[in-house]
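The structure appears below as structure tokens.
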Amino acid sequence: PDDFDVRTRVHEYGGGALGAGHGVVLACRWDDQRVHLIDGDEVRAVTPEPIAHHGIRWAAMTVLHGGAAFVAVRETHGADRLHPNVNVHGDDEAVNELVHVDLVSGECSVLVSGPDFVGGPWVNHGGSRIAWLQWNHPHMPWDAAELWIADLAGGAIAGAARVAGGTGSAVCDAAWDGDDRLVFCDDPSGWWNVYAWTPDGIERLQDEAVESGIPRWVSGDGCLAVVGSSPDGDRPADVFAATADRGSTHLRHIGVGEIPLAGVASISNPMAYGSDVVAVVGGPTIANAVVRIDPASGEWTPLSDAVPVPDGATGSVPVPITFGTPDGAVAHALHYPPASDTHVGPDDERPPLVVLSHGGPTSAARTSIHLTAQYWASRGFAVVDVDYRGSVGYGREFRDALRHHWGIHDVTDCVAAAQHLVERGLAHSDRLIIEGGSAGGYTTLLALCTTNVFAAGGDMFGVSDLRALATDTHKFESRYLDSMIGEWPAEEPTYVERSPLSHVATLTTPIIVLQGDEDEVVPPSQSEVIVDAMRAGGIAHAYLLFAGEQHGFRKPENIVRGVEARLAFYGRILGFEPFDQVELPEFVPGR
């Protein structure tokens with residue numbers, strides 16, 4: 001139906017809202033968060049109706065052999081929880097479990113309960129074995145996620161055992177090769193590489209200083225495709241992985257090498273499709289699309305309509321850079337030079353620069369098309385998308401470098417990226433801007449409050465008060481700050497010191513703030529305290545609150561409004577009038 005919005009709220013970030021197999025198609029509907037069976041024009045809810053709004057949420061539906069049942073991650077809240085689960089703060093937490101659901105009766109049987117979080121699941125060809133991930137507070141899934149396997153029969157499991165992951169390593173994806181061989185990604189070496197489990201033990205299939213893995217922010221994201229697998233496992237399948245190598249991503253045939261894909265600079269979510277691989281591919285100047293790849297030749301064929309790119313646009317091709325930091329470390333980034341099909345800047349004028357601070361902070365600058373970066377580049381700005389310490393794609397040591405240093409290394413590296421480009425003559429020292437969303441908004445605010453490098457900033461649903469984030473956020477991230485800042489509440493003074501709100505007395509830089517009014521991850525109060533402080537301090541600013549938006553804007557009109565408002569705001573601050581006919585949001589001038 002046209003009004004069927006497929007999306008799940010598990011972990012608040014969603015993912016894994018669709019499941020298909022054995023002639024069955026399942027989808028989680030946003031309005032009620034129930035799983036629905038889709039059969040042509042017929043749509044039928046198959047999971048119970050929650051007591052509270054969005055009280056029961058589902059993700060990662062995996063249809064079992066025969067198509068009569070599925071297993072999935074279930075997250076229950078409030079009155080819908082069947083048993084209490086109290087977190088470290090003494091508050092009631094959501095309960096995450098692995099559940100078996102009968103598609104005829106709707107009966108739900110709990111398979112795995114007890115861990116704070118579960119992920120996967122993956123069921124072997126014959127339906128006799130199930131694998132899943134589990135992890136506990138205070139760890140995030142990229143810190144110490146365990147891989148478990150059990151026998152599966154009906155709505156019950158037996159013989160559950162941990163086979164990999166845990167303290168010091170984190171399994172992030174898995175896929176069955178037949179009934180008795182499970183391929184998975186783990187990082188005990190410091191790099192996410194590919195391994196295989198059989199009843200006889202574990203074999204390492206990859207030994208490289210590259211990342212065949214991604215942080216498990218959302219359900220359903222993966223990096224493995226097992227091609228040519230047979231139920232009896234009479235021969236090993238070919239294993240392919242989406243691999244990050246120093247910031248770029250490509251398709252790797254494990255044990256063989258990289259598969260060159262013409263015109264492609266990024267690849268994600270590979271899946272087996274017969275003897276081929278289906279994946280999402282794209283590049284900095286080409287649109288993302290679902291494609292079918294012939295691994296033997298590297299030829300690929302689009303299977304979906306691509307994200308549109310303006311007609312005739314060539315775009316800016318980013319250049320990977322590595323630069324030193326004042327404290328003797330190194331960081332990485334993608335530098336986008338200004339690029340317009342119709343306009344160029346004066347030969348003797350250095351361009352303004354927009355520094356992009358990505359979210360997470362356990363995330364990374366992306367080599368797929370970045371429409372925001374392309375927008376700024378097409379308007380005459382240079383852009384640098386910073387992989388500060390803590391970013392993924394460079395191994396565990398680089399990722400762990402931000403532990404207990406969030407608000408320090410990320411700010412240092414963003415400032416260093418801007419100064420590096422200024423020193424090379426690629427940016428104007430008086431026209432530097434920094435912006436970011438969520439964790440990137442936090443880094444943006446702290447950089448603006450504690451340095452005088454930037455002329456303006458853009459904060460999208462950023463964290464201003466770490467104490468509020470520690471005590472008023474969702475379950476998935478409720479202990480994230482233990483590793484990023486320090487254990488709460490024992491390290492409360494550090495939370496105060498690292499909060500942008502504690503430094504607004506020294507803030508003089510104009511900021512535009514964007515916020516969704518339904519954000520459960522970073523509530524509007526986090527933005528409003530910064531806006532109130534700027535108003536009280538007489539600092540030029542603008543504030544846009546978007547109705548019906550959660551953590552990250554999804555409505556096209558709001559995305560457009562957000563970027564155009566920032567262009568108008570930066571124009572006001574830097575003293576130029578945008579060529580685009582954009583409306584300046586309500587502007588509060590400084591004193």
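Every number in this text was worked out from the coordinates using simple rules, so none of it is lab data. Just so we're clear, the structure is a prediction, and the values are computed from it rather than from any experiment. So basically every Cβ, Gly included, is an ideal-geometry build from the backbone, and we count neighbours across all protein chains shown.
Per-structure values
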| item | result |
| --- | --- |
| For A333, distant residues with modelled amide H under 5 Å away | I321, D387 |
| Percent of beta bridges antiparallel (DSSP, the chain, rounded to nearest 5) | 80 |
| Ranked list, fewest to most other Cβ atoms within 10 Å of each Cβ, for T506, T473 | T506, T473 |
| Gained length - V43 relative to D92, 0.36 nm times residue gap less alpha-carbon distance | 14.3 nm |
| Neighbourhood charge, 15 Å Cβ-Cβ cut-off, centred on R246 and excluding it, Lys, Arg +1 and Asp, Glu -1 | -2 |
| Three-way shape label, the range 319-588, alpha-carbon gyration tensor, a/c 1.5 | oblate |
| HN-Hα J in Hz across the range 131-144 - Karplus 6.51, -1.76, 1.60, θ = phi - 60°, x for Gly and Pro | 10, 7, 9, 8, 8, 10, 3, x, 6, 8, x, 7, 8, 7 |
| For the range 334-354 and the range 195-230, distance of Cα centres in Å | 41 |
| Antiparallel DSSP beta bridges within the range 319-588, as percent of all bridges there, nearest 5 | 35 |
| For the range 30-127: relative contact order, % (alpha-carbon pairs under 8 angstrom, 6 or more apart) | 23 |
| Modelled FRET efficiency - R0 35 Å, S105 with I559, Cβ distances, 0.05 increments | 0.25 |
| Interchain or long-range residues, amide H under 5 Å from T249's placed H | I267 |
| Table column - 3J(HN,Hα) (Hz), the range 335-350, Karplus curve with 6.51, -1.76, 1.60, x for Gly and Pro | 9, 9, x, x, 8, 10, 7, 10, 9, 9, x, x, 4, 9, 10, 6 |
| Cα-centre dipole for the chain with unit charges at Cβ (Lys and Arg positive, Asp and Glu negative), debye to 20 | 720 |
| Over the chain: helical MRE at 222 nm, DSSP H runs n ≥ 4 each giving -39500 (n - 2.57), nearest 500 | -4500 deg cm²/dmol |
| Inter-label distance for F587 and V25, nm, one decimal - labels placed 7 Å from Cα along Cα-to-Cβ | 4.9 |
| Length released on extending from A161 to V319, taking residue separation times 0.36 nm less the Cα-Cα span | 52.3 nm |
| Sequence ranges 348-361, 37-50, ranked by mean other-Cβ count within 10 angstrom, highest first | 348-361, 37-50 |
| Degrees, to the nearest 10: 524-537 long Cα axis against longest axis of the chain | 10 |
| C-alpha long axis of helix 409-423 to longest principal axis of the chain, angle in ° | 50 |
| Which of F576, F546 has the fewest Cβ neighbours within 10 Å, and the rest in rising order | F576, F546 |
| Contact order normalised by residue count of the chain, Cα under 8 Å, 6+ apart, percent | 7 |
| Inter-probe distance in nm under a simple model that places probes 7 Å from Cα toward Cβ, at D532 and A505 | 1.8 |
| With Cα atoms, 0 to 90° folded angle of helix 556-574 axis to the chain main axis | 30 |
| Packing rank of 450-457, 273-280, where each peptide gets the mean count of other beta carbons within 10 Å, highest leading | 450-457, 273-280 |
| Cβ crowding within 10 Å averaged over residues, with 191-197, 255-261 ranked highest first | 191-197, 255-261 |
